[in-house]
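The values are calculated or read from the model by the stated rules, or taken from the named source; none is laboratory data. Quick caveat, the model's predicted, so the values are computed rather than measured. FYI the Cβ positions are ideal-geometry reconstructions off the backbone, even for glycines, and counts take in every protein chain you see.
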């Protein structure tokens, strides 16, 4: 009979965990919070994978005079980094922007991601002294060790909002969808950072305070 014990069964004879067939795709088997003093009386549950291995990255900054070109974080040597976004990236399209490696640490370029991950949401607030459309781009670059060539910038998500004419008039940012699945993927060692531009340049001050949520994969 010992050969029939579950631990001795071959793979094809083992059954799936309870609830597997009806569980929603992209979920993992977990245990709910119980009420006992020992903390062992929870029930088996299938939990959304997006809630596992979550990391949050803060993206906060402002531009004192928005331009139609994208701008990114100021130089640390100016004592204005990491919040002031003032360096002209030279283009209105993220895919046409490159950044030299010497700037990766010299400007307020955001956060180095320590693990392979997927962006699942972007949440927060923005405001503008103007009443025209502006775009916040959450971007990534992939540095190459020992290479001095400029690195291409890749967009994770572009968020376009309309200013309400006052920094006290907050605009909600709540993004959970991406143009393509690959856009949301980040590799370990990538740097993620914000850029900002106005669709029609009017030199307004724009502020934002966002949280980028990722899950490991």
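For residue 78, the test of being in the same structural domain as residue 158 (by TED's automatic domain parsing) and farther than 20 Å from residue 152 by Cβ is passed. Filtered by the rule that a residue be surrounded by 13 or more Cβ atoms within 10 Å (Cβ to Cβ) and over 19 Å from residue 125 (Cβ atoms), region 149-168 gives 150, 151, 152, 153, 154, 155.
Only one of the numbered conditions (1) modelled with pLDDT under 85; (2) surrounded by fewer than 16 Cβ atoms within 10 Å (Cβ to Cβ); (3) within 23 Å of residue 138 (Cβ to Cβ) is not met by residue 20, and that is (3).
So which residues in region 115-170 are in contact (Cβ under 8 Å) with a residue 12 or more places away in the chain and at positive phi? Selection gives 124, 165.
Scanning region 169-192 for residues that are within 12 Å of residue 138 (Cα to Cα) and either loosely packed, with under 12 Cβ neighbours inside 10 Å or modelled with pLDDT under 95 (or both) yields 178, 183, 184.
Within region 114-145, the set of residues being under 21 Å from residue 164 (Cβ atoms) and in a strand (DSSP E or B) comprises 122, 123, 124, 125, 126, 127, 128, 133, 134, 135, 136, 137.
One line per residue, one yes/no per condition, for (1) closer than 30 Å to residue 193 by Cα; (2) in the same structural domain as residue 211 (by TED's automatic domain parsing); (3) in a strand (DSSP E or B):
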| site | (1), (2), (3) |
| --- | --- |
| 18 | no, no, no |
| 23 | no, no, no |
| 35 | no, no, no |
| 38 | no, no, no |
| 41 | no, no, no |
| 46 | no, no, yes |
| 58 | yes, yes, yes |
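For region 62-91, filtering for residues that are under 15 Å from residue 139 (Cβ atoms), over 21 Å from the mean Cα position of the chain (by Cα) and touching a residue at least 40 places away in the same chain (Cβ under 8 Å) leaves 1.
Is it the case that residue 66 is part of a loop (DSSP other than H, G, I, E, B), in contact with a strand residue (DSSP E or B) (Cβ under 7 Å, 6 or more places away or on another chain) and surrounded by 15 or more Cβ atoms within 10 Å (Cβ to Cβ)? Judged against the criteria, residue 66 is a match.
Restricting attention to region 147-168, which residues are over 24 Å from residue 91 (Cα atoms) and touching a strand residue (DSSP E or B) at 6+ places or on another chain (Cβ under 6 Å)? Within region 147-168, 167 is the sole residue that qualifies.
When you scan region 133-143, do you find a residue that is touching a helix residue (DSSP H, G or I) at 6+ places or on another chain (Cβ under 7 Å), crowded, with 19+ Cβ neighbours inside 10 Å, modelled with pLDDT of 95 or more and under 21 Å from residue 61 (Cα atoms), even just one? Write out each step before concluding.
Keep residues of region 133-143 that are touching a helix residue (DSSP H, G or I) at 6+ places or on another chain (Cβ under 7 Å), which gives 137, 139, 143.
So of that shortlist, the ones also crowded, with 19+ Cβ neighbours inside 10 Å come out as 137, 139.
Imposing the further condition that a residue be modelled with pLDDT of 95 or more reduces the set to 137, 139.
Subsequent filtering for residues that are under 21 Å from residue 61 (Cα atoms) retains 137, 139.
Checked region 133-143: at least one residue is touching a helix residue (DSSP H, G or I) at 6+ places or on another chain (Cβ under 7 Å), crowded, with 19+ Cβ neighbours inside 10 Å, modelled with pLDDT of 95 or more and under 21 Å from residue 61 (Cα atoms).
Reported count of residues in region 34-93, each being closer than 23 Å to residue 216 by Cβ and modelled with pLDDT of 90 or more, is 5.
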